[in-house]
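Data block below; observations after.
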Amino acid sequence: MSNERLQQLLREADAAFGDPRVGSADLPLKVRQLAKRQRRRRLFGSAAAAVLVLSLSTVAWVNRSGRPSPAPAPILADNSPKPLSAAELQMQIERLRDEIRTGCQAVHEVLERQEVEQRLAALREQAEADPLKAVNDQLDRAALTTVYQADRMYHELNLRESAIASYERTIKLFPQTHWAQVAKDRLAELKTAGNGDAT
């Protein structure tokens, strides 16, 4: 089987199963899958080529050494090798096909085993990740964003009331975060500064 034929079969298989739709969060996983697929194609092509070369060399070796050497013939006798019959050629072709099929099955089994191991490793990584920590990190970032926006409202845009509302929202929505305490401190500063600025 030629390398082009293998590539064509792989393209047809990819087209038949299609690529999974992934979001941008799964981009590293998609890149790893693409790299794995390319390695698999190279490995499958190399293995098929190796099986084919091995099979052809075996046939050539059997043709040379598989027959007993002919008895010395008279000088006038025809020493040219006998051509193989159609039945013998058909048997050799079938044997080669069986060898290639067996080699391809072995390659598929190895690739499937590698894919299963990689999936298990990815699942282990996901299981080891602490989902609660990820949620807390997201809450912390959201609280930081609201405090930052309140700071900008007050210092850059002179929107004191909007800044106060944003600080209060931070305290109400994210009470367990560090940024809730920062919002309380800045709210107290604003209210004190507001009382001192009254004219």
Exactly one condition in (1) surrounded by fewer than 13 Cβ atoms within 10 Å (Cβ to Cβ); (2) hydrophobic (A, V, I, L, M, F, W, C); (3) at pLDDT below 75 is false for residue 132; which is it? (3)
Would you check which residues across the stretch 174-199 are more than 27 Å from residue 132 (Cα to Cα), among the hydrophobic types (A, V, I, L, M, F, W, C) and either under 47 Å from the mean Cα position of the chain (by Cα) or modelled with pLDDT under 85 (or both) and list them? 193, 198
Just checking, which of 147, 107 is within 34 Å of the chain's Cα centre (by Cα) and either part of a helix (DSSP H, G or I) or of a type in the set (D, E, K, R) (or both)? 107
Hey, any hits in the stretch 167-182 for a residue that's β-branched (Val, Ile, Thr) and not in a helix (DSSP H, G or I)? yes
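The values are calculated or read from the model by the stated rules, or taken from the named source; none is laboratory data. What you are looking at is a predicted structure, and each value in this text was computed from that prediction instead of being measured. Neighbour counts are summed over all protein chains in view; Cβ atoms, including those assigned to glycine, are modelled from backbone coordinates with ideal geometry.
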